[in-house]
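Reading through the structure tokens given below for one structure.
The values are calculated or read from the model by the stated rules, or taken from the named source; none is laboratory data. This is a predicted model, so every value here is computed, not measured. Here the Cβ is made from the backbone with ideal geometry for all residues, glycine too, and neighbour counts use every protein chain on show.
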Amino acid sequence: MGIQRSKRYWIGFDLGGTKMMAALFDDKLHKRSVVRKKTRAQEGSAAGIRRMGDMIETVLEEGGVSRRMLGGIGVGCPGPLDLKQGVLLEAANLGWRKVPLRQALERRFHRPVTVMNDVDAGVYGEYRCGAARKSRCVVGVFPGTGIGGGCVYEGRIITGARSTCFEIGHCPVVPEGALCGCGRRGCLETVASRLAIAAAAVEAAYRGHAPHLMALCGTDLAAVRSSALAESIRRGDKAIESIVRRAAQWLGVGISTAVNLMAPDTVLLGGGLVEAMPALYREEVEQSTRQHLMDALVKSFKVVVARLGDDAGVTGAASWAMEQSSRSGEHR
């Protein structure tokens, strides 16, 4: 008889600008417990790391799992990262710089910690347990305030030597176009992000072309969330529908470049805009992507909408921590 493997458990953590979430999974990626809290980034990174650790303690306790049964911890977070050292270099939406996440959490829990990009975590979660299961290569694109991207190729997340990659939001699509937050002009984010959509939508409302959006949000740019855009379209604001469809078409232009480069069998769409208007986004992105491809690749992929919601990030972080442990020979 073979040696009985002891059951091990895995933590997935999703660190966001306004909220954070910790979840406990077993070896089959069944979720055992979950905790959500506000990030309170203004309290500083030291306080934030303590809160992260306390949340991990809570999900272990609620799941009935001791620390010795914990196989590892995966953390998905925004901003540029040093993947080798597990350091969050900078996160503008948190106001944190050079935060040694891996070191701090390993010191507290004495278990391996894997730090990864939050979009990579979401794409990997959908690859393992969601809409992109069994894909050989999945390209994931998540339009929001910016546009995040990630790619899983034959079970591995594509990254640089030390940092994350697949910054599809900063691929140039409009020569000498609008100024992007990165300092360059004409990036995909300038025409397809929620911020770009909201700016055009507010102008339409101000000019009297979107009365329902005006009633919902006025001309407050910050109030134009994905749900408000979807509701304004549902109520009949044709100008807003045209703006969103045009942005989705631009998204397809950017995705076509990724398809030409990677030849994925699955293109995964996620994020708040897609969640609020899944049919619109899938229709426009698929049509636009196929229109801008070389002929040999036009029918080589499917377009799917993410289905795990908030669970995608924690699922991907936990399962990537499990995968990294297996690859390093620790998971026996």
| Failed criterion for GLU176 (all others in (1) under 14 Å from MET277 (Cβ atoms); (2) modelled with pLDDT under 95 hold) | (1)
| task | Out of LEU105, LEU89, LEU60, report the one residue that is without any contact (Cβ under 8 Å) to a residue 60 or more places away in the chain, hydrophobic (A, V, I, L, M, F, W, C) and in a strand (DSSP E or B). | result | LEU89
| Any chance region 110-118 includes a residue that's out of contact with any Phe, Trp or Tyr (no Cβ under 9 Å at 6 or more places or on another chain), closer than 15 Å to ASP82 by Cα and free of Cβ contacts under 8 Å to residues at least 60 places away in the same chain? | yes
| Which of the residues that make up region 132-152 are of a type in the set (Gly, Ala, Ser) and in a strand (DSSP E or B)? | GLY140, GLY148, GLY149, GLY150
| Hey, does region 40-50 have a residue that's assigned to a helix (DSSP H, G or I), touching a helix residue (DSSP H, G or I) at 6+ places or on another chain (Cβ under 7 Å) and more than 24 Å from SER325 (Cβ to Cβ)? | yes
| request: Tell me, yes or no, whether region 179-191 has at least one residue that is under 17 Å from the mean Cα position of the chain (by Cα) and at negative phi. | output: yes
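This table checks each residue for (1) surrounded by fewer than 19 Cβ atoms within 10 Å (Cβ to Cβ); (2) without any contact (Cβ under 8 Å) to a residue 24 or more places away in the chain; (3) part of a helix (DSSP H, G or I).
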position	(1), (2), (3)
GLY252	no, no, yes
ASN260	yes, no, yes
LEU280	yes, no, yes
ALA296	yes, yes, yes
ALA312	no, no, yes
ALA318	no, no, yes
MET322	no, no, yes
SER326	yes, yes, yes
| said: As an exercise: evaluate LEU308 against (1) surrounded by fewer than 18 Cβ atoms within 10 Å (Cβ to Cβ); (2) in a loop (DSSP other than H, G, I, E, B) and give the number of the one condition it does not meet. | reply: (1)
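Residue-wise test of (1) crowded, with 23+ Cβ neighbours inside 10 Å; (2) of a type outside the set (A, V, I, L, M, F, W, C); (3) touching a residue at least 24 places away in the same chain (Cβ under 8 Å).
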{"residue": "GLY148", "(1), (2), (3)": "yes, yes, yes"}
{"residue": "VAL152", "(1), (2), (3)": "yes, no, yes"}
{"residue": "GLU176", "(1), (2), (3)": "no, yes, no"}
{"residue": "ALA199", "(1), (2), (3)": "no, no, no"}
{"residue": "MET214", "(1), (2), (3)": "no, no, no"}
{"residue": "GLY218", "(1), (2), (3)": "no, yes, no"}
{"residue": "ALA228", "(1), (2), (3)": "no, no, no"}
| query | Restricting the search to region 92-102, which residues are in contact (Cβ under 8 Å) with a residue 24 or more places away in the chain, among the hydrophobic types (A, V, I, L, M, F, W, C) and not in a helix (DSSP H, G or I)? | reply | LEU94, TRP96, VAL99
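Please find, within region 14-32, the residue that is nearest to LEU308 (Cα to Cα) out of those that are outside any loop (DSSP other than H, G, I, E, B) and out of contact with any helix residue (DSSP H, G or I) (no Cβ under 6 Å at 6 or more places or on another chain).
Restricting attention to region 14-32, the residues satisfying the condition of being outside any loop (DSSP other than H, G, I, E, B) are 14-15, 19-25, 31-32.
Subset that is out of contact with any helix residue (DSSP H, G or I) (no Cβ under 6 Å at 6 or more places or on another chain): 15, 19-20, 31.
Working: LEU15: 17, LYS19: 17, MET20: 16, LYS31: 12 Å.
Here the answer is LYS31.
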